[in-house]
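The values are calculated or read from the model by the stated rules, or taken from the named source; none is laboratory data. Quick caveat: nothing in here was measured; it's all calculated off a predicted structure. Positions of Cβ are backbone-derived with ideal geometry, glycine not excepted, and every protein chain shown enters the neighbour counts. Keep in mind that these areas ignore ligands, DNA and RNA; they rest on the heavy atoms of the full protein, side chains included. Shrake-Rupley method; radii C 1.70, N 1.55, O 1.52, S 1.80 Å.
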Amino acid sequence: MATTASKNATLLLQNFEESGRGWFWSTDSEGLITYISASVGELLGTSTDALIGTAFAQLFQQSDESAGHQRTLPFILRKQSKFDDLPLQAAKPGEDEVWWAVSGRPFFHSADKFGGYRGSGADITVQRINAKDNSRLATYDSLTGLLNRFRMSKLLDTTLSAFKHQRRACSVMLIDLDRFKHVNDTLGHPAGDALLKQVAERLIKVVGDREKIGRLGGDEFQIILQDVDDRGTLGDMADKIIKSLSHPYSVDGSRCIIGASVGIAVSPFDGQSSEDLIRNADLALYAAKGGGRGRFRFYSSELLQVAEDRRVLEEDLRDALANEQIWLAYQPVVDAKTNAVTGFEALIRWQHPERGHISPALFIPIAEETNLIGELGEWALQKACEQAAKWPGKLRVAVNVSPIQFANDLLPKIIESALTASGLSPERLELEITEGVFLQESSDTDLMFEALKNIGVRLALDDFGTGYSSLGYLRTAPFDKIKIDQSFVRTATEPGSRDGAIIAAIVALAEALDMDTTAEGIESLDQLEMIRGLNVSHVQGFIYSQAVSNEELLERLQAGEWKITPTGPAVTRGDRHSMFRKIGVIHENHCYNVVLRNLSVSGALIEGIVNVPEGTNFVLDFGDGQLAVSTVVRSMGHQQGIEFEERLVNDGNGGLCTSRRISPYMLAAAGMPITKLPPGYYQNSDAEPRPKTLPTFGTVSDWKAG
């Protein structure tokens with residue numbers, strides 16, 4: 001009976017091996033294989049005989065997911081311990097993974113003589129793959145392969161928790177795609193999904209690490225950047241992201257163009273919890289989209305007030321035309337060779353009854369989002385034609401046309417009506433059109449160009465080179481002029497800049513297509529000299545004149561031809577932003593409250609204290625931890641011109657900010673020794689007399705009384 005039972009057991013084990021559901025193994029005391037099922041040899045591409053005498057541990061390979069287990073297998077064998085269902089990956093050739101759950105029991109020849117192991121294995125490949133897929137679905141976006149919202153939230157929570165104790169910085173970028181809904185609506189959701197995959201690939205290329213990027217859902221993305229708080233670095237990356245995502249896409253044979261807006265918040269400056277940081281990055285994103293889209297914004301404590309101000313401005317703008325608060329100013333367009341004015345660009349101005357002059361950069365985006373741009377644009381066309389018809393000679397007037405206006409089928413009739421009512425000749429009207437009209441190339445675009453040219457007006461391509469990086473439309477769009485964006489001019493005279501070569505290429509292209517060229521934003525004599533040397537035909541900028549009212553324009557033209565002698569700084573200097581803003585100025589252990597009158601990347605003009613010697617070192621406190629070390633280079637009564645030790649950087653909204661901020665951790669550790677004082681006063685925080693060697697600064701009232 002015992003012999004029959006043994007034979008039956010052997011047959012059962014043999015049938016089990018042959019079924020492929022499991023296998024058996026044994027080793028000697030050295031861990032070398034003494035028996036292995038034939039199915040294992042076949043899977044590993046060898047024979048059972050070849051495996052006999054080899055180390056059992058060599059049947060398995062290490063991988064990222066099982067590194068911990070692989071380190072413990074040799075340890076288990078050495079410890080002569082039993083083990084059950086240990087997951088191990090087979091060391092097999094090829095790309096397909098095979099996983100086994102391996103169990104083993106030590107056996108002994110006698111109480112103190114270890115004989116080896118006997119055990120079994122079972123294939124768990126399907127279970128492992130399913131578990132991996134389920135894990136991936138839980139942490140990765142199934143469409144783009146990026147981290148999903150859940151995983152990004154966990155990553156941010158973990159990072160901020162660790163970094164709080166280590167006093168390290170962490171930045172968050174929120175990215176929202178502009179005009180993505182239009183792609184979904186016109187080309188369908190499959191095309192939208194294909195576009196999102198391409199967006200993910202471009203983000204990975206810019207950021208360099210896909211494990212820092214997540215898709216939150218829809219067309220929203222998030223980036224987490226550990227140990228990055230330099231706003232120059234962050235701004236550069238945001239700018240690269242915007243430019244990369246704004247390049248044309250090819251989806252199912254269709255050409256699509258979208259854009260992106262970016263909001264940035266940095267811990268610990270803008271919040272130390274994930275909730276605060278995400279909320280503030282979202283506020284910055286909202287501000288970026290509200291500022292005209294296609295830009296980035298850093299969070300600042302002023303954003304809540306800015307959002308409220310914008311809401312009030314939107315309400316006021318609806319009544320601005322009816323209340324005659326909107327008017328046109330005209331900036332001269334000058335022949336670069338003769339200095340003679342050949343025409344003017346009409347620029348919309350808003351004089352608010354309470355807030356004074358409102359920048360077009362602020363209210364034009366509001367008009368576009370609230371569908372007021374059509375009404376404003378039609379009014380500007382009519383008023384410009386009406387006023388230009390009364391100018392002497394054949395001076396042209398250029399009027400900007402937004403992509404929203406361009407898409408209106410009634411635009412040709414609106415233009416014809418304005419020309420007829422004013423009596424202005426069509427060839428004296430020039431329509432400035434940005435590359436935004438080519439977002440979706442279609443027959444409608446070509447038909448609109450044809451209709452406008454049939455009227456007889458001139459067409460100028462505005463802000464050339466800053467849009468969508470395509471020259472294809474120049475083959476068919478009937479432009480008469482290319483306007484070179486001032487961003488190229490601004491840095492063209494700097495050492496090492498390649499913008500001069502770009503301008504030369506644009507001029508050559510225009511000449512080949514029989515088009516005029518106009519360079520915008522010329523402010524210094526070295527810029528003008530460069531532009532003339534590159535054969536640009538026309539110039540706009542403060543080097544000749546700011547925009548003037550129609551009344552001043554008529555007065556200037558009374559003598560006939562208006563020639564303007566260029567005047568301005570000899571060399572290019574950083575853009576100066578005029579303002580009236582209270583800030584702090586720190587000297588030694590004291591702080592004045594002063595007024596910031598203008599600001600550039602390299603320096604500023606402040607007023608509020610007097611008797612300040614040149615060479616005095618100041619630290620400007622712009623708020624939100626922004627401190628700029630500086631030196632007084634000019635002292636003029638109650639005003640001081642100062643130069644920064646480190647240049648400021650772009651804040652994404654046309655303004656400037658410091659590259660780095662003082663961490664709240666450092667301020668707390670320093671005990672905040674600075675004492676804030678009333679405006680115009682200087683006092684020791686310890687109330688003791690200052691040494692006579694220090695300069696004596698007075699108040700503005702002292703200066704005026706003197």
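Can you tell me the length gained on complete extension of the stretch T476 to Q558, counting 0.36 nm per residue apart and subtracting the Cα distance? If you can, show how the numbers build up before the last one.
Values: separation 82, 0.36 × 82 = 29.52 nm, distance 4.05 nm.
Using 0.36 nm per residue and subtracting the Cα-Cα distance, I get 25.5 nm.
If I model a spin label as a point 7 Å beyond the Cα along the Cα-Cβ vector, how far apart are those points for F16 and T139 in nm?
Placing both labels 7 Å beyond Cα along the Cβ direction yields 3.5 nm.
Compute the angle between helix 411-422 and the longest alpha-carbon principal axis of the chain, please, reported from 0 to 90 degrees and rounded to the nearest 10.
10
At a probe size of 1.4 Å, how large is the accessible area of V126, to the nearest 10 Å²?
My reading of the accessible area for V126 is about 100 Å².
Modelled label-to-label distance, I129 and R355, 7 Å Cα→beta-carbon offset: nm?
6.1
Please go through the residue pairs K132/K212; K82/K113; K181/K212 and name each one whose alpha carbons sit more than 18 Å apart in this structure. Provide the component values of the computation, followed by the final result.
Values: K132/K212 20 Å; K82/K113 16 Å; K181/K212 25 Å.
Listed pairs above 18 Å: K132/K212; K181/K212.
Between D84 and D157, how high is the FRET efficiency from 1/(1 + (r/R0)^6) when r is the Cβ-Cβ distance and R₀ = 51 Å? Nearest 0.05.
Numbers: r = 35 Å, r/R0 = 0.70.
Rounded to the nearest 0.05, the efficiency is 0.90.
Which of the lysines could a cross-linker span from K413 if the Cα-Cα distance has to be under 17 Å and same-chain partners fewer than 8 positions apart are dropped?
Partners within reach: K383, K453.
Which lysines does K582 reach when only Cα atoms under 18 Å apart count, and residues fewer than 8 places away in its own chain are ignored?
Within the straight-line limit of under 18 Å, K582 reaches these lysines: K676.
Would you list, by chain and number, the aspartates and glutamates whose Cα falls below 18 Å from the Cα of K7, excluding same-chain residues fewer than 8 positions away?
E17, E18
Taking 0.36 nm per intervening residue step and subtracting the Cα-Cα distance, what contour gain separates A38 from D409 on full extension?
Numbers: separation 371, 0.36 × 371 = 133.56 nm, distance 7.80 nm.
Contour length minus Cα-Cα distance gives 125.8 nm.
Can you give the relative contact order of the chain as a percent, counting alpha carbon pairs under 8 Å and 6+ residues apart?
8
Convex hull over the Cα atoms of the range 114-165, averaged projected area in nm²?
On the way: hull surface 30.8 nm².
Mean shadow area of the hull around the Cα atoms is 7.7 nm².
Which value, in Å² and to the nearest 10, is the accessible area of Y286 when all protein chains are kept and the probe is 1.4 Å?
Answer for Y286: close to 130 Å² accessible.
Determine the gain in length on full extension of the stretch S602-R318; use 0.36 nm per residue of separation and subtract their C-alpha separation, reporting nm with one decimal. Walk me through the numbers on the way to the answer.
Numbers: separation 284, 0.36 × 284 = 102.24 nm, distance 3.89 nm.
Going from the current span to full extension adds 98.3 nm.
Tell me which of T158, Q558, V397 sits at the most positive position along the dipole axis of the chain, charges placed on C-beta atoms (Lys, Arg +1; Asp, Glu -1).
Ranked along the dipole, the leading option is T158.
Using a Förster radius of 25 Å, what is the FRET efficiency between V633 and L525 based on their Cβ-Cβ separation? Nearest 0.05, please. Don't skip to the end; give the middle numbers.
Values: r = 22 Å, r/R0 = 0.88.
Working from the Cβ atoms, E equals 0.70.
Which residues make up the longest stretch of the chain clear of trypsin sites (Lys or Arg not before Pro) that lie in a DSSP loop with no more than 14 other Cβ atoms within 10 Å, not counting the sites?
Details: sites that count: R21, K82, R167, K337, R355, K390, K394, R498, R573, K692.
No qualifying site falls inside 168-336, the longest such stretch.
In the chain, what percent of the accessible surface is made up of carbon and sulfur (1.4 Å probe, ligands and nucleic acids excluded)? Kindly include the intermediate steps, with their values, before the conclusion.
Values: 17610 of 35310 Å².
Taking all protein chains in place, the chain shows 50 percent carbon and sulfur surface.
Under the definition of Cα pairs under 8 Å and six or more residues apart, what whole-number percent is the relative contact order of the range 516-589?
Details: 63 pairs, mean separation 27.9, N = 74.
Relative contact order here is 38 percent.
Sort S549, S524 by heavy-atom solvent-accessible area, probe 1.4 angstrom, most to least.
Values: S549 35, S524 0 Å².
Most to least solvent-accessible, the answer reads S549, S524.
Label-point separation (nm) for R311 and T567, each offset 7 Å from Cα along Cα-to-Cβ?
Result for the modelled spin labels: 4.7 nm.
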